Amino acid sequence: ARAVPVYDAAGRKVREPSRKTTWPKGCQAGGLLFADPGGLALLRGEPPADLAAVWITEGLTDLARAAVVTAGEAARGGKVRAVLGAASGGFPALRDVRALVEAPPSVKVYAATDPDEAGNRYALEVVEALRPRPVFRYALE
């Protein structure tokens, strides 16, 4: 079984792959997203009422790192954040996440990608997927 499940833009868990290093049968990275619990609520159209920000990361490792940081901050009374992640080709799926596209302006969206060529490209894909919503860049170190 996959250690981290993948979801479509409506928050439906996609069937497990037959091997741990492949996407589920019949699926490609282009339509799938990773999500922490807040991100999954967002995918399902039920974002936390006190949601302050959404971080969109590149890949599984950055999603896990961001999820740990945001959960720790929330546990200490900080801002509530949701985290979504995508692999190469997955960022266009963000345009189908209605709760993200339609979130109030008070909910800030950050493209939290690596400060390298691929990270810059992914950040631009996030901006394109969510246009005209403002997306702020947060370069992960």
- Item | region 38-115, relative contact order in percent, only Cα pairs under 8 angstrom and at least six apart counted | 44 percent
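Determine the shape class of the chain: with a ≥ b ≥ c the square roots of the Cα gyration tensor eigenvalues, call it rounded for a/c under 1.5, and otherwise prolate if a/b is greater than b/c, oblate otherwise. Could the numbers behind the result be given before it?
Numbers: a/c = 1.40, a/b = 1.27, b/c = 1.10.
Rounded is the answer for the chain, as its axis ratio a/c remains below 1.5.
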- Query: Between region 33-59 and region 71-141, what's the alpha-carbon centroid distance in Å?
  - Reply: 9 Å
- Message: Rounded to the nearest 5, what % of DSSP beta bridges with both residues in region 34-90 are antiparallel?
- Response: 20 percent
- What shape does region 97-141 take by its C-alpha gyration tensor, where a ≥ b ≥ c are the square roots of the eigenvalues and a/c under 1.5 counts as rounded, a/b above b/c as prolate, and the rest as oblate? prolate
- Item | Solvent-accessible area, 1.4 Å probe, carbon plus sulfur percent, for the chain | 55 percent
- Query: Just from the alpha-carbon atoms, what are the Rg and Dmax of region 36-108 in angstroms?
  - Reply: 11.6, 35
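When the dipole is taken about the Cα centre of the chain, and only Lys, Arg (+1) and Asp, Glu (-1) are charged at their Cβ, what size is it in debye, to the nearest 20? Before the final figure, lay out the partial values.
Numbers: 19 positive and 16 negative charges, 87 e Å.
Value, rounded to 20: 420 debye.
The values are calculated or read from the model by the stated rules, or taken from the named source; none is laboratory data. Remember, it's a predicted structure, so these values are computed and weren't measured experimentally. Note that each Cβ is placed from the backbone with ideal geometry, even for glycine, and that neighbours are counted across all protein chains shown. Side chains included, ligands, DNA and RNA excluded: accessible areas come from the protein's heavy atoms. Shrake-Rupley method; radii C 1.70, N 1.55, O 1.52, S 1.80 Å.
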